[in-house]
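Trainee: I am attaching a structure below and will ask some questions about it afterwards.
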Amino acid sequence: MQRETAEPRVEQLPGPNASQWVEFHRQSSAPSTYVYDFVWDITEDAIGPFCTDADGNVLLDFTSHVAAAPLGYNNPALMEKLRAFDLVDPLKIAGQDFYVSTGGAPEETEMPGPAHLMDTLVDVSDQYGMDTVFLSNSGAEAVENAMKICYDNCDVPKYAVTFEGAFHGRTLGALSLNRSKSVHRRKFPELSGVVDVPYSMEGIERLREKLDPERGHVPPEQVAFVILEPVQGEGGYQVPSQEFMRELDQLCSEHDIPLIADEIQSGVGRTGEMWAVDHFELEPDVITSAKALRVGATISSMDVFPEEKSRLSSTWGAGDILSSLQGTLTLATIQEQDLLTHAEEKGDRLLGQLRELGDRHQDAVVAARGLGLMTAVEFDTKERRDDVVDAALERGLLTLGCGQKTLRLLPPLDVRDRELDIAVDLLDEAVGATESAN
Ligand SMILES: Cc1ncc(COP(=O)(O)O)c(C=O)c1O
């Protein structure tokens with residue numbers, strides 16, 4: 001398959017092989033978030049955003065595995081290094097109990113490991129004075145540890161602040177901060193003292209009132225942290241205003257409340273900056289990252305982390321050698337290929353195309369929005385959105401829903417004009433099909 005000439009090609013989806021694999025998978029797997037019966041065949045051709053499914057259908061993947069594969073399929077720069085890597089066993093070690101070297105002196109090694117990943121994360125976060133990283137296994141764990149360090153630093157940690165529409169993970173601590181869908185929280189025990197306000201200027205005003213020593217009921221010195229997604233993901237790809245971010249930063253500084261920027265979906269170049277907060281006048285005290293990094297990371301400054309041994313730990317935290325290699329190479333490729341500029345340019349182009357699509361389908365499309373390559377189209381109803389996701393898939397374009405009635409597009413960071421054009425044409429047809437069906 002050549003990236004320059006590849007085209008989506010669908011005969012039947014799911015085809016007979018995909019159906020078998022789905023059935024086999026379901027025999028022993030717990031029901032989860034599976035959106036549709038797309039089965040990637042890892043033994044077949046895939047390059048950039050193109051991949052082959054279990055029946056030989058070629059798909060244009062504009063989900064990047066929910067931002068977890070930012071360089072698309074089989075990125076040559078990544079593959080070359082991965083091929084040179086000799087597999088070892090164990091590939092995952094108890095990395096917060098023991099250290100690992102990847103040969104020679106740290107600065108000379110050909111194979112970056114967990115320590116290099118942390119070193120690179122510090123480099124790309126030093127504009128916020130961050131010099132320390134705690135590695136874990138997932139986004140939810142990155143958030144859990146961000147919360148823990150903030151609770152630990154607060155003398156009377158009674159409160160935390162989150163935003164309407166937020167999503168921060170599914171573990172019991174992290175889910176207490178979610179305000180996007182009831183399915184994430186219903187019946188589960190939650191952390192106490194989590195206050196939520198709207199993700200808008202109205203929310204800033206409400207928070208200001210709550211923290212006001214005279215009129216409010218939330219003593220600022222008891223607020224362990226404010227957590228926000230710099231662009232909301234699950235909540236529907238909501239991009240905040242500059243004013244909202246600036247005022248939030250000021251309010252938190254005024255009351256000395258630490259700010260956690262959850263960059264698990266929006267970070268690692270997705271929006272055209274390394275971190276989405278880099279677009280705004282907001283200085284986070286803690287950053288959480290995962291997905292595109294292949295591991296979880298809680299990033300902050302040394303004085304924020306507890307010194308006491310075992311206060312934070314995880315068996316595989318800094319011990320996933322292969323994932324750390326992939327994470328470090330991903331960050332290096334983004335820098336070497338100037339993919340931040342590229343993502344910004346292509347994101348502007350894609351957003352322009354989606355706005356034109358909205359103009360052509362005014363009855364169906366409410367808005368197109370996004371930042372960099374974190375782009376979305378909001379529809380008039382949830383049913384329409386679901387129908388468009390299905391109709392796009394039938395035409396060979398993989399997309400995902402988010403929010404109540406929004407469809408998200410997350411192409412790889414090195415997406416090309418030709419691929420954007422194909423995707424927008426297919427989406428256009430898919431929206432048209434739902435209009436003629438209604
Ligand atoms: C903003 C945000 N935070 C946290 C998470 C949780 O990450 P994980 O699924 O790796 O636990 C996600 C996952 O979608 C996310 O988008």
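The values are calculated or read from the model by the stated rules, or taken from the named source; none is laboratory data. Quick caveat, the model's predicted, so the values are computed rather than measured. Note that each Cβ is placed from the backbone with ideal geometry, even for glycine, and that neighbours are counted across all protein chains shown.
Trainee: Out of Ile264, Ile204, report the one residue that is in contact with a helix residue (DSSP H, G or I) (Cβ under 9 Å, 6 or more places away or on another chain), in a helix (DSSP H, G or I) and not basic (Lys, Arg).
Mentor: After applying the criteria, what remains is Ile204.
Trainee: Checking Lys405 against (1) touching a helix residue (DSSP H, G or I) at 6+ places or on another chain (Cβ under 8 Å); (2) basic (Lys, Arg); (3) farther than 27 Å from Ser241 by Cα, which test does it fail?
Mentor: Here Lys405 clears every test but (3).
Trainee: To continue, here is another question. Could you count how many residues in segment 225-235 are surrounded by fewer than 24 Cβ atoms within 10 Å (Cβ to Cβ) and away from the ligand (no atom under 12 Å from the Cβ)?
Mentor: Here the count works out to 0.
Trainee: Also: Do we find a residue being aromatic (Phe, Trp, Tyr), touching a Pro at 6+ places or on another chain (Cβ under 8 Å), within 16 Å of the ligand (Cβ to nearest atom) and not in a strand (DSSP E or B) anywhere in segment 237-246?
Mentor: no
Trainee: Here is a list: Ser300, Ser324. Which entry is surrounded by 21 or more Cβ atoms within 10 Å (Cβ to Cβ) and within 28 Å of Cys154 (Cβ to Cβ)?
Mentor: Numbers: Ser324 fails: within 28 Å of Cys154 (Cβ to Cβ).
It is Ser300.
Trainee: Suppose the filter is in the same structural domain as Arg311 (by TED's automatic domain parsing) and β-branched (Val, Ile, Thr); does Thr52 pass it?
Mentor: Values: in the same structural domain as Arg311 (by TED's automatic domain parsing): no; β-branched (Val, Ile, Thr): yes.
Against the criterion (in the same structural domain as Arg311 (by TED's automatic domain parsing) and β-branched (Val, Ile, Thr)), Thr52 does not qualify.
Trainee: Against the conditions (1) closer than 20 Å to Met130 by Cα; (2) assigned to a helix (DSSP H, G or I); (3) out of contact with any His (no Cβ under 6 Å at 6 or more places or on another chain), where does Thr328 fall short? Just the number, please.
Mentor: Going through the list (1) closer than 20 Å to Met130 by Cα; (2) assigned to a helix (DSSP H, G or I); (3) out of contact with any His (no Cβ under 6 Å at 6 or more places or on another chain), Thr328 breaks only (3).
Trainee: List every residue pair whose Cβ atoms sit under 6 Å apart, with the two residues 6 or more apart in sequence or on different chains, where the first one lies in segment 136-154 and is of a type outside the set (Ser, Thr, Tyr) and the second, anywhere, is near the ligand (Cβ under 7 Å from one of its atoms) and in a helix (DSSP H, G or I).
Mentor: Listed by first residue and then by second, the contacts come to Ala140/Ala174; Val143/Ala174; Glu144/Ala174.
Trainee: For segment 218-234, name all the residues that are outside any strand (DSSP E or B) and within 12 Å of the chain's Cα centre (by Cα).
Mentor: Glu229, Pro230, Val231, Gly233, Glu234
Trainee: More than 12 Å from the ligand (Cβ to nearest atom), assigned to a loop (DSSP other than H, G, I, E, B) and on the phi > 0 side of the Ramachandran plot, is that true of Gly272?
Mentor: Yes; evaluated as a whole, the condition is true for this residue.
Trainee: Evaluate the following for Ser314: is it outside any strand (DSSP E or B), within 16 Å of the ligand (Cβ to nearest atom), modelled with pLDDT of 95 or more and under 19 Å from Met147 (Cα atoms)? I'd like the intermediate steps shown before the answer.
Mentor: Values: outside any strand (DSSP E or B): yes; within 16 Å of the ligand (Cβ to nearest atom): yes; modelled with pLDDT of 95 or more: yes; under 19 Å from Met147 (Cα atoms): yes.
Yes, satisfied.
Trainee: Being hydroxyl-bearing (Ser, Thr, Tyr) and either more than 21 Å from Asp417 (Cα to Cα) or out of contact with any Lys or Arg (no Cβ under 9 Å at 6 or more places or on another chain) (or both) is the filter; apply it to segment 42-68 and report the residue that is surrounded by the most Cβ atoms within 10 Å (Cβ to Cβ).
Mentor: Taking the candidates together, the pick is Thr52.
Trainee: Out of Ala368, Ala376, which single residue is under 20 Å from Gly236 (Cβ atoms) and touching a residue at least 60 places away in the same chain (Cβ under 8 Å)?
Mentor: Unique residue meeting the criteria: Ala376.
Trainee: Looking at segment 23-66 only, could you name the residues that are under 23 Å from Val415 (Cα atoms), among the small types (Gly, Ala, Ser) and not in a loop (DSSP other than H, G, I, E, B)?
Mentor: If the condition is that a residue be under 23 Å from Val415 (Cα atoms), among the small types (Gly, Ala, Ser) and not in a loop (DSSP other than H, G, I, E, B), then Ala46, Gly48, Ser64 are the ones that fit.
Trainee: Something else: Tell me the helices (runs of 4 or more DSSP H) entirely within segment 99-190 that contain at least 3 residues that are modelled with pLDDT of 95 or more and more than 18 Å from Gln265 (Cα to Cα).
Mentor: 114-123, 139-153
Trainee: Give Val156, Val161 a once-over and let me know the one that is surrounded by 15 or more Cβ atoms within 10 Å (Cβ to Cβ) and β-branched (Val, Ile, Thr).
Mentor: On inspection, the qualifying residue turns out to be Val161.
Trainee: Continuing with this model, one more query. Name every residue in segment 289-301 that is under 19 Å from Gly95 (Cα atoms) and either of a type in the set (A, V, I, L, M, F, W, C) or assigned to a strand (DSSP E or B) (or both), in order of residue number. Before you say what the answer is, go through the steps one by one.
Mentor: Looking only at segment 289-301, we keep the residues that are under 19 Å from Gly95 (Cα atoms), and these are 289-290, 293-299.
Result: Ser289, Ala290, Leu293, Val295, Gly296, Ala297, Thr298, Ile299.
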